[in-house]
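Okay, so here's the structure we're looking at.
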Amino acid sequence: MYTVGELLRQWRRRRRISQLDLAIAADVSARHVSLVETGKSNPSAEMVLRLADHLDVPLRERNRLLLAAGFAPRYTERPLDGGALTAARDAIARVLRAHEPYPALVFDRRWNILMSNRAVDPFFATVDPDLLRPPVNLVRLGLHPRGLAPLVVNLADVRAVFRTRIARQLAVAPDPELTALYEELLAPGPEDAVSLSSESDVVIPMLIRFEGRELRLFSTITTFGTPMDITLDEVAIESYYPADAESAAYFTNPDGDCRPARP
């Protein structure tokens, strides 16, 4: 079990910040940061949170720092479908509905889908029902041969984007289950050598062959700005947009059926 000083040192090194830079940002002395990291000084809860804030430590891990320092956790973790987060869930549902007729969905830190809008449903209808049993994982759904993978024309590119995003996520906050998902579905293989670089400055669209058309989509991710709940800190909304007029026409066809956002 790590001490609070050891955990703070790990986060500082993970962020590639020197003790001096952290001290300046947190308005404390570099000597104090050093004493905290070596266990020669016991930080207050406020100091732990101040350092964690400047190290951009996720709320879940801030609770861990507080416990290691001998303090009670400050941040709750309540289910998105529970009564305590009704207002937040309703706000997310409004975002999903507002994005129609284009697809949008909500996922947690392990890429499990929590909500989606009706524009996603036609694509899910092509998936093996076994893959739609909760928790439905977006990465597995997108890359599995019985999932959405047969629809994706540039599957190697999409896999490369997933790989880069999750690798960055793990660099920010290591997680055993997410690491296992990465190793299961995203470990680089020979077939990935020809994929486009996801580090490109140009957005790489996802090409989907669906109902006799080739749809070109790109996506954006939205998160809560200043969450005080672990669930909201870790939730993300991915919204897909048509990358050309032909793709836009598919979604805006007045004969299309659009169902409301659903949990």
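Please treat every number below as a calculation from the coordinates, not as lab data. What you see is a predicted model, and the numbers here were worked out from it, not measured in a lab. Glycine also receives a Cβ, built like all others from the backbone with ideal geometry; neighbour counts cover every protein chain displayed.
How much length, in nm to one decimal, is gained on full extension between Thr76 and Asn42, taken as 0.36 nm per residue of separation minus their Cα-Cα distance?
Working: separation 34, 0.36 × 34 = 12.24 nm, distance 2.42 nm.
Taking Thr76 through Asn42 to full extension adds about 9.8 nm, to one decimal.
Label-point separation (nm) for Thr126 and Val172, each offset 7 Å from Cα along Cα-to-Cβ?
Simple spin-label model gives 3.0 nm for this pair.
Taking the Cα of Arg146, stepping 7 Å toward and past its beta carbon, and measuring to each backbone N in region 163-185: which are under 17 Å?
185, by backbone N distance to the label point.
Quick one: which residues, 5 or more positions from Ser41 or on another chain, have an amide H under 5 Å from its amide H? H modelled 1.01 Å from N in the peptide plane, none for Pro or chain starts.
The list, which skips near neighbours in sequence, is Val36.
Please list, in order along region 25-31, the HN-Hα scalar couplings obtained from phi with the Karplus expression 6.51 cos²θ - 1.76 cosθ + 1.60 (θ = phi - 60°), rounded to whole Hz, x for Gly and Pro.
5, 8, 6, 9, 7, 4, 4
Find how much the distance from Tyr2 to Ala84 grows on full extension, using 0.36 nm per residue of separation minus their present alpha carbon separation; answer in nm with one decimal. Don't jump to the answer; show the numbers that get you there.
Details: separation 82, 0.36 × 82 = 29.52 nm, distance 3.24 nm.
My answer for the length gained is 26.3 nm.
Can you give me the distance in nm between label points at Ser18 and Arg165, each placed 7 Å from the Cα along the Cα-to-Cβ direction?
Between Ser18 and Arg165, the label points sit 3.6 nm apart.
List the trypsin sites (Lys or Arg not before Pro) within region 69-129 that fall in a DSSP loop (any state other than H, G, I, E or B) and whose Cβ has at most 12 other Cβ atoms within 10 Å. Don't jump to the answer; show the numbers that get you there.
Working: sites: Arg74, Arg89, Arg94, Arg97, Arg109, Arg110, Arg118; in loops: Arg74, Arg109, Arg110.
Filter output for region 69-129: empty list.
Near Thr231, within a Cβ-to-Cβ distance under 11 Å, what is the net charge of the other residues, with Lys and Arg +1 and Asp and Glu -1?
Details: positive: Arg60, Arg78, Arg89, Arg109; negative: Glu77, Asp81, Asp108, Asp229, Asp233, Glu234.
Residues close to Thr231 contribute a combined charge of -2.
Whole-Hz ³J(HN,Hα) for each residue in region 54-64, computed from phi via Karplus 6.51 cos²θ - 1.76 cosθ + 1.60 with θ = phi - 60°, x for glycine and proline: what do you get?
6, 8, 6, 7, x, 4, 4, 6, 5, 4, 5
Computed FRET efficiency, Cβ-Cβ of Ala236 and Ala187, R0 25 Å: what is it to the nearest 0.05? Kindly include the intermediate steps, with their values, before the conclusion.
Values: r = 23 Å, r/R0 = 0.93.
Rounded to the nearest 0.05, the efficiency is 0.60.
Of the residues Pro242, Pro58, Pro134, which exhibits the maximal mean-square fluctuation in a Gaussian network model of the chain defined by a 10 Å Cα contact cut-off?
Its mean-square fluctuation being the largest, the pick is Pro134.
Please tell me the relative contact order of the chain in percent, rounded to the nearest whole number, where contacts are Cα pairs under 8 Å and at least six residues apart.
Contact order relative to length: 20 percent.
Through the Karplus equation 6.51 cos²θ - 1.76 cosθ + 1.60, θ set to phi - 60°, convert the phi angles of region 12-23 into ³J(HN,Hα) values in whole Hz; use x for Gly and Pro.
Once rounded to whole Hz, the list reads 5, 5, 5, 8, 6, 10, 6, 4, 5, 5, 5, 4.
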